[in-house]
1. Give me the accessible area of HIS182, 1.4 Å probe, in Å² rounded to the nearest 10.
2. Can you tell me the Rg and the Dmax, both Å, for the Cα atoms in segment 121-220?
3. In what order, largest first, do GLU131, GLU122, GLU241 sit by accessible area if the probe radius is 1.4 Å?
4. Quick one: with all protein chains in place, what share of the accessible area of segment 57-178 is carbon or sulfur, to the nearest percent (1.4 Å probe)?
5. What does the extension gain come out to for HIS205 and VAL236, with contour length at 0.36 nm per residue minus their alpha carbon separation?
6. To the nearest 10 Å², what's ARG72's accessible area with a 1.4 Å probe?
7. In whole Hz, with x marking every Gly and Pro, tabulate ³J(HN,Hα) for segment 215-225 from phi via Karplus 6.51 cos²θ - 1.76 cosθ + 1.60, θ = phi - 60°.
8. Leaving ligands, DNA and RNA out of it, rank TYR46, TYR102 by accessible area with a 1.4 Å probe, largest first.
Amino acid sequence: MTAAKRPAATGIPPENAPAFPTGAARRGRAAAGADKPEGTAVTRTYDALRGLILNYEIKPNERLNEVELAARFNVSRTPLREALNRLVVERLLRFEPSIGFYRAKIDVQEIVNLYEFRVMLETEGVKLAVERATDDEIAEVTAFWKNAFARRATVTTAERIANDEQFHERVTALGHNDELVHALRGVNARIHFIRWADTQGGDEHEASYHRHLELLTVLRERDQARAIAVLRNIIVMRQEEIVAILKEGAARLYLANV
C-alpha cells in the first residue's frame, strides 16, 4: 500500500547534507538576533563548545575554565556564558555555584534511561512513518543508507556514528512530527560519546547495516508490528553491548555507579 502524498517530511536533510545534528536549525531559530555581533558570537561559541563535548575533547568530570575558553574562541564572557547556559539546558553540561560549569560523569543508569527513552521516541516515529511517509521519502532514506553501506570500509569511527545517528533521525522524521525529531536529536547528543565505547568488528558492523536496511524494507511494506520489532532489536542490542562494555571498565575513570 502506498501512503497518500504528503508534503516532504521536515527534518529530513538532503542526501548530501551534513550529518545530524547540525547548527542550522539553531541558527534559524536565532535568526532574529543573528545580525547582532553578540548573537553571532553566541552561536559560534555554542557550536564550537558542543563539538568539543560530542567529540570527547571535554571529558566527563572535567571543569571548564571560562577565562581560557573566552580566549580560545576570542569572545567576551557574556556570549560565552550564554553558550554555556544553553548547553546546561540541553544537559550536556552542568553548573554549580561552588564549581562552575563542568561535564558530569556518565552514569550507567542514565545511559539505560536514555536508551529506553530513545526506543519510545523512535517507536512512535516508526508508527507514524508507516501511516504518513510516502514511498519516495522512504526511498530517499534507503538511498542514503545504501550509500553509507557502500562506503563502510573507508569511513572513520566518527563518520560511522554520524551516519547511524542521521539514519535514525531521518527514519523518525518520516513520521512528519518535528517534535519527535527534536527530542531524538537531544538524546543522541547525550549518548554520542558513549557510542564510541564500541569494540565491534567489521562483521558486526556489516550485520548492523543489513538490519537497518531491513527496517526500511518493512516500512515500505507498511508492516507496523514488524517495523517496531526490527527497530527495537537494533537499539536494544546496542544498548546492551555498550552498557556491558562500560561495566567491564572500558571507561571506568569517567563513570559513576560502576
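1. For HIS182, the solvent-accessible surface is approximately 110 Å².
2. 13.5, 37
3. Putting GLU131, GLU122, GLU241 in descending order of accessible area: GLU131, GLU241, GLU122.
4. On the way: 2770 of 5800 Å².
The value for segment 57-178 is 48 percent carbon and sulfur by accessible area.
5. Values: separation 31, 0.36 × 31 = 11.16 nm, distance 1.54 nm.
Gain on stretching HIS205 to VAL236: 9.6 nm.
6. The accessible area comes out at roughly 150 Å².
7. 4, 5, 5, 6, 5, 4, 7, 6, 9, 5, 4
8. Working: TYR46 5, TYR102 30 Å².
Ranked list, largest accessible area first: TYR102, TYR46.
The values are calculated or read from the model by the stated rules, or taken from the named source; none is laboratory data. Note that the coordinates shown come from a computational prediction; the quantities given were computed from them, not determined experimentally. Every residue, glycine among them, receives a Cβ derived from its backbone with ideal geometry; neighbour counts consider all protein chains shown. Protein only, heavy atoms only, side chains kept; ligands, DNA and RNA dropped before computing areas. Shrake-Rupley method; radii C 1.70, N 1.55, O 1.52, S 1.80 Å.
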